[in-house]
Amino acid sequence: MNIRLIFKQFLHNSASTMLFDRLFKQRCLLCAANDGGRLGLCDACYKDLPWHNAPQCPQCGLSSNGLVCGSCLNSPPDFDATHSLLTYDFPLDAMMQRYKYGSMLNLGHIFGEMLSNKINPSSVDLVIAMPMHPTRLKERGFNQALEIAKIITKNKPEKLDYLSVQRLKLTPPQASLPLKERVRNIKGAFTVSNHLNGKRIAIVDDVMTTGASLNELAKTLKQAGAAHVECWVVARTLPK
């Protein structure tokens, strides 16, 4: 957490927060303008982000007429819904790379706050971040999905479940594989240690590309008894 956010947690009334914002303005992360505001993005850069505003398939999040797409009708995924905030295009792609591989953890706070504006943790029983294999977690030093999930559930921390699901298989990164190999790569990668009978669960992840990892995790959760699983992702990769 950056020093600005550490200080702000001690300011409880809106007047103090407004004064703090004026005295300690942060620069925009994208254009360096001196009006980054609460999220570290100026109004112009925030508006220019690649928002996923087009009508979407409610199940997979791909662009459609707003109804369930033909692909989901013909071969329904194991997850029941997808909520995606942005498309994986510039400059979001660069921001995500800096977050995951440049250890810019403040971006996780920004992504979590932005996603919180779209979804409501009260709509589910549990929020589960996409788990990482312990070896990969040691290499990176943090789970980018978990950092986002912590922000989403900050007002309902009891919703965040980071113990029930583990990743068993150390697999090559999905992004390094051809699309057809991603399903095979991720098969059997997860295990669930608790019964989830009848639970409504949201999986939080940073980017959804083919959805193979999210689908495999949703399948595993439903095998453990989950009644409903949806995906909450910062960005959705759309076909070019």
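Points worth noting:
- Lys156 being among the charged types (D, E, K, R), surrounded by fewer than 18 Cβ atoms within 10 Å (Cβ to Cβ) and in contact with a helix residue (DSSP H, G or I) (Cβ under 6 Å, 6 or more places away or on another chain): yes
- Flag if Leu107 is without any contact (Cβ under 8 Å) to a residue 60 or more places away in the chain, hydrophobic (A, V, I, L, M, F, W, C), open to solvent by less than 50 Å² (accessible area, probe 1.4 Å) and within 16 Å of Val207 (Cα to Cα): no
- Search result, residues across region 69-123 that are in contact with a strand residue (DSSP E or B) (Cβ under 8 Å, 6 or more places away or on another chain) and under 16 Å from Asn215 (Cα atoms): Asp78, Phe79, Asp80, Ala81, Thr82, His83, Ser84
- Among the candidates Arg182, Arg200, residue that is open to solvent by 10 Å² or more (accessible area, probe 1.4 Å) and either out of contact with any strand residue (DSSP E or B) (no Cβ under 7 Å at 6 or more places or on another chain) or at pLDDT below 95 (or both): Arg182
- Checked against (1) in a loop (DSSP other than H, G, I, E, B); (2) of a type in the set (A, V, I, L, M, F, W, C); (3) under 19 Å from the mean Cα position of the chain (by Cα), Leu137 passes all but a single condition, namely (1).
- Top-ranked residue in region 203-226 [being of a type in the set (S, T, N, Q) and either under 11 Å from Val165 (Cβ atoms) or in a loop (DSSP other than H, G, I, E, B) (or both); ranked as nearest to the chain's Cα centre (by Cα)]: Thr209
- Of all the residues in region 81-98, those that are part of a helix (DSSP H, G or I) and open to solvent by less than 10 Å² (accessible area, probe 1.4 Å) number 3.
- Conditions (1) in a loop (DSSP other than H, G, I, E, B); (2) open to solvent by less than 30 Å² (accessible area, probe 1.4 Å); (3) touching a His at 6+ places or on another chain (Cβ under 8 Å); number of the one not met by Trp232: (1)
- Filter result for Asn215 (open to solvent by 20 Å² or more (accessible area, probe 1.4 Å) and under 23 Å from Phe142 (Cα atoms)): yes
- Qualifying residue in region 191-202 (condition: among the β-branched types (Val, Ile, Thr) and part of a loop (DSSP other than H, G, I, E, B)): no
- Answer residue from region 60-80, given it is in contact (Cβ under 8 Å) with a residue 40 or more places away in the chain and assigned to a loop (DSSP other than H, G, I, E, B) and is nearest to Leu238 (Cα to Cα) among those: Leu62
The values are calculated or read from the model by the stated rules, or taken from the named source; none is laboratory data. Because the structure is a prediction, the values reported are computed rather than measured. FYI the Cβ positions are ideal-geometry reconstructions off the backbone, even for glycines, and counts take in every protein chain you see. Heads up: the accessible areas ignore ligands, DNA and RNA and are worked out on the full protein's heavy atoms, side chains in. Shrake-Rupley method; radii C 1.70, N 1.55, O 1.52, S 1.80 Å.
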